[in-house]
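The values are calculated or read from the model by the stated rules, or taken from the named source; none is laboratory data. Computed from a predicted model, the values in this text were never measured in an experiment. Neighbour counts run over all protein chains shown; Cβ positions are idealised from the backbone, glycine included.
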Amino acid sequence: MWFWGWLFMGCNNYKILNKNIMKIDDFIMGLKEEFEIDESVEFNLNTDLNALKGFDSMSALIIISYVDEHIGIKLSADQLKSLTTVQSLIEIIGKDKFE
């Protein structure tokens, strides 16, 4: 499959087809958009997700869906029980999934 992606997209654009690797900054910005966090609010690796306004069980579903769609990993609700910060989410997913 990688060959066809490389052939049709060009070797420099192949990462578009590979959902397994994502830039950390893109991941953080995507989460911020998913949670509809205002531009003026700081959101980074150290952000305490549990302290976010309105963070609840629906937020966990948003995370599960976002990670599955963009990284290709299916997280369980049990995996998110230890979730505290964006950094802890990245560690749950696996640092090898980010560049």
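Tabulated data for the structure shown
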| read-out | value |
| --- | --- |
| Any chance A51 is over 13 Å from the mean Cα position of the chain (by Cα), more than 19 Å from E99 (Cα to Cα), exposed (fewer than 10 other Cβ atoms within 10 Å of the Cβ) and of a type in the set (A, V, I, L, M, F, W, C) | yes |
| Pairs, first closer than 11 Å to N46 by Cα in region 80-99, second of a type in the set (S, T, Y) and surrounded by 15 or more Cβ atoms within 10 Å (Cβ to Cβ), C-beta under 9 Å, six or more apart | T85/T47; V86/T47; Q87/T47 |
| Extreme residue, farthest from K23 (Cα to Cα), among residues of region 77-86 that are modelled with pLDDT under 95 and hydrophobic (A, V, I, L, M, F, W, C) | A77 |
| Some residue of region 27-47 being in a helix (DSSP H, G or I) and touching a residue at least 60 places away in the same chain (Cβ under 8 Å) | yes |
| Test for I73: is it modelled with pLDDT of 90 or more and part of a helix (DSSP H, G or I) | no |
| Matching residues in region 57-66 - criterion: being touching a helix residue (DSSP H, G or I) at 6+ places or on another chain (Cβ under 6 Å), within 16 Å of M29 (Cα to Cα) and hydrophobic (A, V, I, L, M, F, W, C) | I62 |
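Residues are listed down the side, and each one gets a yes or a no for (1) buried (at least 17 other Cβ atoms within 10 Å of the Cβ); (2) in contact with a Cys (Cβ under 6 Å, 6 or more places away or on another chain); (3) within 19 Å of N20 (Cα to Cα):
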{"residue": "K32", "(1), (2), (3)": "yes, no, no"}
{"residue": "E39", "(1), (2), (3)": "no, no, no"}
{"residue": "L45", "(1), (2), (3)": "no, no, no"}
{"residue": "I62", "(1), (2), (3)": "no, no, yes"}
{"residue": "L75", "(1), (2), (3)": "yes, no, yes"}
{"residue": "S88", "(1), (2), (3)": "no, no, yes"}
{"residue": "E91", "(1), (2), (3)": "no, no, yes"}
